[in-house]
Every structure is written in structure tokens, then in C-alpha cells.
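A.B. asks: Mind having a look at this structure? Questions to follow.
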């Protein structure tokens, strides 16, 4: 099992955006995942697990295209790079089947940031008002979803599970 969990979450407002911000976000959030997969696929392909080998990428509900929920302004580089990671999931799922299953988990909030505008209680309440389950997720929720995709979901590949308390429905 391989879990792709590296992430860089930095503000990148359009007015101040530069190539270095885009390159850095893409390197951490997408390119490193692709390179890691390319190096580990030979080992993963020999998995003895009954559910076969699995790759699970940590995506983001705010970068899922048509059904995504765009993040507040000023996170352009992050959103673009996480969208690239979601496309990596779908592309690798086709390329590596049937030997290796590839899926993603797209959380909403599973832990509030310690600083920045999303650490403010009013901002958190505003976000939660759009979540039908009326709470943030937890790191344990994310871990269990990853475990399920990696070890139990033997007939699932190419999917990105939204872990957002129903927020995507609103």
C-alpha cells in the first residue's frame, strides 16, 4: 500500500502569483506523487494481499472539477496542483489495472488549521453551516477511509471518495 499524503497549502492570490509558487505547489502536491508511484509500482505489483496492491492519494474536495467546491479566493496554485493529483488518480487507475488499484480521498475539513483565516471560530462556523453532518471530520475519519480503500475495497479503482460530511451536496 502506498498513501500519497504530501501537501503544501499556501496562499497564492492571482495578483501576486509567480512561477515559483506554481512550481512549488505542483512539485509537492502532484509531481512528487507521480515520481514516487513510478519508482514503487514494481514493488507494489508484487503485493500478496488478496485485495491486490493499492495507492491512495489525499486529494481535496475543492479541486475536483465540475463537482468540486472552489476554495475561497487566493489559493490558485494549491487548487491547480490538487486538481492535477486527482487526474493522476484516474490516469494511474487505468494504467495500473488490474495489478494495482488507485483511488483518492478528498476531504473537506478533517482538522482545522492552527493559523490563518480558517483558524477563526467564525470562519469555521460559516464552513460548518454548509455541512449536513454539522461537524468537521477528524483525522481518524480520514485514516479509516484510507484503510478501507487500501485493504477492503478490492473492486474499486479510479474513484475519489469525498470525505466531507455531505458538503458536496449543497
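Bear in mind these aren't lab numbers, they're just calculated from the coordinates by the rules spelled out. No experiment lies behind these values; they were computed from the predicted model shown. No Cβ is skipped: glycine too gets one built from the backbone with ideal geometry, and neighbour counts run over all protein chains shown.
A.B. asks: Does the range 1-66 come out rounded, prolate or oblate, given a ≥ b ≥ c as the square roots of the eigenvalues of its C-alpha gyration tensor, rounded meaning a/c under 1.5 and, failing that, prolate meaning a/b above b/c?
C.D. replies: Since a/c reaches 1.5 and a/b is larger than b/c, the shape of the range 1-66 is classed as prolate.
A.B. asks: If you don't mind, there's one more thing I want to ask. Shape call for the chain from the C-alpha gyration tensor, a ≥ b ≥ c root eigenvalues: rounded (a/c under 1.5), prolate (a/b greater than b/c) or oblate?
C.D. replies: Note, shape of the chain comes out oblate.
A.B. asks: Using r as the Cβ-Cβ distance of residue 125 and residue 31, and R0 as 30 Å, what FRET efficiency do you calculate, to the nearest 0.05?
C.D. replies: 0.25
A.B. asks: Now for a different question. Determine the relative contact order of the chain: mean sequence separation of Cα pairs under 8 Å and six or more apart, normalised by residue count, in whole percent.
C.D. replies: Answer for the chain is 27 percent.
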